[in-house]
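In what follows, a structure is listed as structure tokens, so that the remarks can point back to it.
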Amino acid sequence: MHRELLEILQNYNTKIIMNLKELLHKNELTKEEIIFLLNLIDKEDQQRLFNRADEVRSFYCGDEVHLRGIIDFSNYCEQNCLYCGLREDNYKLTRYRMMPDEIIETARVISNLGIFTIVLQSGEDYYFDTDLIAYIIYQIKQKANVAITLSLGERGFDEYRAWKFAGADRYLLKHETANPKLYSIYHKKQKLEDRLSHLRFLRTVGYQIGSGNMIGIPMQTVEDIADDILLCKELDLDMAAFGPFIPSPHTPYQNKKPGNVELTLRTMAVARIVLKKVHIPATTALATLDEEGRIKGLNAGANIVMPDLTPSPYREQYLIYPDRKCINDNPLSCKSCLQLQIESIGRKISNSRGDSIKQKDRLTV
Ligand code: SF4
């Protein structure tokens with residue numbers, strides 16, 4: 001009797017494993033299948049998911065890891081997102097703006113380190129108007145052979161056009177959640193449909209576009225995360241970022257729980273399987289919550305790392321969330337540290353700009 005029961009259980013387990021294997025190799029996944037994968041909690045099943053994501057990443061993106069050097073040049077923001085430490089109503093934050101020539105010089109230093117994408121990031125700060133941002137882009141392009149990603153929030157359509165003309169290559173605008181009700185709770189003045197129309201416009205004027213969500217933000221369900229992945233697919237993104245929520249002091253969500261590291265890794269892995277030819281970063285937020293977060297992310301489908309190379313004393317004041325990983329590293333030691341970590345898993349840092357993997361397909365259409 002005991003042996004029969006054991007056989008039934010073994011057959012049952014084999015059937016689940018077979019089904020999981022089939023599921024992980026399907027070309028298209030339904031929302032229900034995505035939810036099933038996001039809910040995997042058995043360690044061995046999770047490892048199968050991560051291994052499959054790693055295979056898909058290697059097949060579509062290769063084994064190189066692209067670095068994107070971030071310059072957080074202003075922490076002023078006119079928005080009031082409930083989760084963000086830079087929100088306008090956070091009067092405890094010391095605000096700063098880097099001078100244009102300081103930004104341009106920092107970009108030059110980063111490119112000399114062998115990092116070929118500069119991410120110019122700020123809150124929604126209209127002090128940096130159309131012309132000033134265009135000037136910074138143009139000057140960086142004159143001095144360094146780099147791609148430029150802008151991450152400046154929702155700005156005017158004419159501004160996007162002007163900055164593309166000045167030489168910008170990519171725009172990062174996270175959708176944060178595909179659930180319109182949650183979106184309007186988190187963002188008050190902003191609407192999800194506007195954000196999506198901005199992303200679509202950015203694509204039409206020739207930007208490579210990046211978006212993504214936060215895992216574990218208050219009220220979010222696993223169904224919402226599945227919708228986020230499907231929205232990334234519908235938007236045909238070039239980069240998709242999934243980082244854990246980290247509560248920030250002096251915000252309405254300061255006492256909420258941070259996002260779960262394992263759910264974040266499962267989300268990245270499922271996104272890799274669903275989205276395939278897309279850049280996925282192992283985020284600093286993930287590395288902040290878990291010492292091994294970057295490596296775990298790179299082994300679960302990621303192929304990008306985005307070190308914050310904002311010079312001191314500004315870097316410490318870009319407090320989207322507290323205790324950011326590597327906040328005190330200087331750029332040189334940051335690059336060598338990342339190189340060691342990346343080489344420890346048999347991968348290497350790319351010497352290219354790491355443009356969209358879809359670019360060739362788009363050119364041939
Ligand atoms: S998430 Fe962006 S737009 Fe919202 S408050 Fe923070 S910096 Fe501003």
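The values are calculated or read from the model by the stated rules, or taken from the named source; none is laboratory data. Bear in mind the structure is a predicted one, so any value in this text is a computation, not a measurement. Positions of Cβ are generated from backbone atoms using ideal geometry, with glycine treated the same way; all protein chains shown enter the neighbour counts. With ligands, DNA and RNA removed, areas are computed over all heavy atoms of the protein, side chains included. Shrake-Rupley method; radii C 1.70, N 1.55, O 1.52, S 1.80 Å.
Kindly establish whether Arg87 is in contact (Cβ under 8 Å) with a residue 12 or more places away in the chain, touching a helix residue (DSSP H, G or I) at 6+ places or on another chain (Cβ under 6 Å) and among the basic types (Lys, Arg).
So Arg87 fails the test.
What is the one condition in (1) acidic (Asp, Glu); (2) under 23 Å from Arg195 (Cα atoms); (3) out of contact with any Asp or Glu (no Cβ under 7 Å at 6 or more places or on another chain) that Glu102 does not satisfy?
Failed condition: (2).
Where residues in segment 117-141 are within 16 Å of the ligand (Cβ to nearest atom) and open to solvent by 30 Å² or more (accessible area, probe 1.4 Å), which of them is farthest from the chain's Cα centre (by Cα)?
This residue is Tyr127.
Output the number of residues of segment 286-304 satisfying the condition of being open to solvent by 20 Å² or more (accessible area, probe 1.4 Å) and either farther than 12 Å from Ile345 by Cα or among the acidic types (Asp, Glu) (or both).
Result for segment 286-304: 5.
Of a type in the set (S, T, N, Q), open to solvent by 40 Å² or more (accessible area, probe 1.4 Å), within 30 Å of Leu37 (Cβ to Cβ) and at pLDDT 95 or above: does that describe Ser344?
Answer is yes for this residue.
Restricting attention to segment 143-157, report how many residues are part of a loop (DSSP other than H, G, I, E, B), within 16 Å of the ligand (Cβ to nearest atom) and open to solvent by less than 20 Å² (accessible area, probe 1.4 Å).
Number satisfying all stated conditions: 3.
Please enumerate the residues belonging to segment 59-78 that are outside any helix (DSSP H, G or I), out of contact with any His (no Cβ under 8 Å at 6 or more places or on another chain) and more than 15 Å from the ligand (Cβ to nearest atom).
Once the filter is applied, which keeps residues that are outside any helix (DSSP H, G or I), out of contact with any His (no Cβ under 8 Å at 6 or more places or on another chain) and more than 15 Å from the ligand (Cβ to nearest atom), segment 59-78 yields Gly62, Asp63, Glu64, Val65, Leu67, Arg68, Gly69.
Go over the candidates Ile320, Ile342, Ile357 one by one and state the one that is of a type in the set (A, V, I, L, M) and farther than 25 Å from Leu231 by Cα.
Ile342 is the lone residue from the list that is of a type in the set (A, V, I, L, M) and farther than 25 Å from Leu231 by Cα.
Quick one: how many residues across segment 167-181 are open to solvent by less than 20 Å² (accessible area, probe 1.4 Å), within 18 Å of Gly206 (Cα to Cα) and either touching a Cys at 6+ places or on another chain (Cβ under 9 Å) or in a strand (DSSP E or B) (or both)?
Residues in segment 167-181 being open to solvent by less than 20 Å² (accessible area, probe 1.4 Å), within 18 Å of Gly206 (Cα to Cα) and either touching a Cys at 6+ places or on another chain (Cβ under 9 Å) or in a strand (DSSP E or B) (or both): 2 in total.
Within segment 90-102, is there a residue that is of a type in the set (A, V, I, L, M), assigned to a helix (DSSP H, G or I) and out of contact with any strand residue (DSSP E or B) (no Cβ under 6 Å at 6 or more places or on another chain)?
No.
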